[in-house]
Structures are given as C-alpha cells and as structure tokens.
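Here is the structure we will look at, set down as structure tokens.
The values are calculated or read from the model by the stated rules, or taken from the named source; none is laboratory data. Remember, predicted model here, so these are calculated numbers, not experimental data. Backbone-built Cβ (ideal geometry, glycine too); neighbour counts: all protein chains shown. Protein only, heavy atoms only, side chains kept; ligands, DNA and RNA dropped before computing areas. Shrake-Rupley method; radii C 1.70, N 1.55, O 1.52, S 1.80 Å.
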Amino acid sequence: VLATGLGKTVVAGEAVRRLREIGGAGSRVLVLAHTVDLVHQLERSFWPFMSTSDSTYVVTGNEKPQSWSDLERFSFVFASKDSVHIAQEADVFPKIFDIVVVDECHHIGATIYESVLTNLGVGDVDGPFLIGLTATPKETKTASNIEYFGEPIYSYSLKQGINDGFLAPY
C-alpha cells in the first residue's frame with residue numbers, strides 16, 4: 001500500500017523480478033488492471049525489470065491474440081480484467097501463469113475480479129502467487145483487500161510521503 005506517486009509499480013516490478021529469479025526465469029506473469037490505459041502504462045513500467053529475453057503481450061478489448069494458446073510464448077501478459085473474464089467465460093484463456101499482479105487491488109471485490117482470480121487458480125495449492133497494489137487500502141462494500149492478500153506487507157501514506165519530502169504538498 002503506497003500513496004499515489006510513491007512507486008507502487010516500481011515495487012511490484014522489483015518483486016516480480018526477484019520472484020522470477022527464485023522461481024526460474026521461465027515463470028510467466030499476468031498483470032491485471034481495470035482500465036486499458038493502466039494496462040499500457042503498466043507494461044511500459046515493467047520493462048526495466050525484465051531481461052532482454054522476456055517478451056510481453058497486451059490483452060484488452062481491441063488487442064487479442066489470434067489464438068489464446070499463443071500467450072504461452074510470452075513471459076509477461078498485461079491485460080484488462082474484463083478481457084480476461086470474457087476469454088475465461090469462453091473457456092479460451094490459458095491457466096499458465098506463475099505470478100498474478102493486480103493493480104488498484106481495492107477493486108478486487110468486484111464479481112468479475114473474483115471470477116478471474118478463481119479461474120486462474122489463485123489461492124489453490126499450486127496456483128499462481130498473488131501480488132496486489134493499491135493506494136486505497138480501505139475495505140470496499142463487497143470485500144476487504146485483507147481477505148485476498150492478507151495484511152499489507154508495507155504501507156506508506158500520502159502524509160508520510162509529503163512529510164518526508166517525496167511528494168509536494170497539496
């Protein structure tokens with residue numbers, strides 16, 4: 001949990017890099033976001049944490065593979081939750097990921113997110129490792145982030161960021 005502008009994506013990129021180092025460079029990563037703009041922003045932000053042999057693919061409403069099995073060729077897939085959900089409903093989205101990152105995970109209580117994560121096997125014994133990022137750690141009307149992710153590993157508030165000089169006062 002980091003306030004806006006304090007580097008959630010950088011922390012996630014480094015965490016994924018380290019997990020892949022431990023689990024093997026062949027580990028596949030799925031990064032989920034709730035908007036198309038965020039999907040593209042996340043892809044660009046993760047580049048510094050990838051090796052030159054890594055490859056990426058973006059899945060959004062207008063960007064889809066010719067064959068869903070083609071995703072197996074990519075180290076990182078950046079996707080909108082809605083596109084993954086639609087593909088899962090059609091039973092074509094592969095369960096090939098070792099790590100799943102959810103940006104803006106305070107949206108996780110949405111029915112679509114629950115369905116997507118369940119279909120990916122998140123929470124299963126051999127399921128993918130789940131990482132959640134948010135600047136909004138509050139419980140939503142539908143679910144608590146703690147239900148999915150446990151207690152935050154690290155939190156740094158907007159007030160702390162301003163007081164420590166990392167953010168400009170508003």
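Values for this structure:
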| read-out | value |
| --- | --- |
| Farthest toward positive dipole pole in the chain [+1 Lys/Arg, -1 Asp/Glu at C-beta], among 88, 16, 75 | 16 |
| Nearest-20 debye value, region 1-126 charge dipole, Cβ charges on Lys, Arg, Asp, Glu | 320 debye |
| Within region 1-41: backbone nitrogen closer than 17 Å to the residue 53 label point (7 Å, Cα to C-beta) | 17-29 |
| Table column - 3J(HN,Hα) (Hz), region 25-34, Karplus curve with 6.51, -1.76, 1.60, x for Gly and Pro | 4, x, 4, 9, 10, 10, 10, 10, 9, 9 |
| Sequence of 162, 108 from largest to smallest accessible area, 1.4 Å probe | 162, 108 |
| Top positive-direction residue, dipole computed over the chain with Cβ charges, set 106, 163, 123 | 163 |
| The chain: relative contact order as a whole-number percent, Cα under 8 Å and 6+ apart | 29 percent |
| Table column - 3J(HN,Hα) (Hz), region 158-170, Karplus curve with 6.51, -1.76, 1.60, x for Gly and Pro | 4, 4, 4, x, 5, 4, 8, x, 7, 10, 6, x, 9 |
| Translational D in µm²/s for region 47-159 (Stokes-Einstein at 20 °C, 1.002 mPa s, Kirkwood Rh from C-alpha pairs) | 140 µm²/s |
| Average accessible area per residue (Å²) across region 12-170 - probe 1.4 Å, nucleic acids and ligands excluded | 56 Å² |
| Kirkwood hydrodynamic radius over Cα pairs of region 13-105, then Stokes diffusion coefficient at 37 °C and 0.692 mPa s, in µm²/s | 248 µm²/s |
| Angle in degrees between helix 111-120 and the longest Cα principal axis of the chain, rounded to the nearest 10 | 60 degrees |
| Residue-span extension gain [residue 119 to residue 11] - 0.36 nm each, minus C-alpha spacing | 36.3 nm |
| Rounded accessible area of residue 159 (nearest 10 Å², 1.4 Å probe) | 140 Å² |
| Mean ellipticity per residue at 222 nm, deg cm²/dmol - from DSSP H runs of n ≥ 4 across the chain, formula -39500 (n - 2.57) | -9500 deg cm²/dmol |
| Principal-axis tilt of helix 36-46 within the chain, Cα atoms, nearest 10 degrees | 80 degrees |
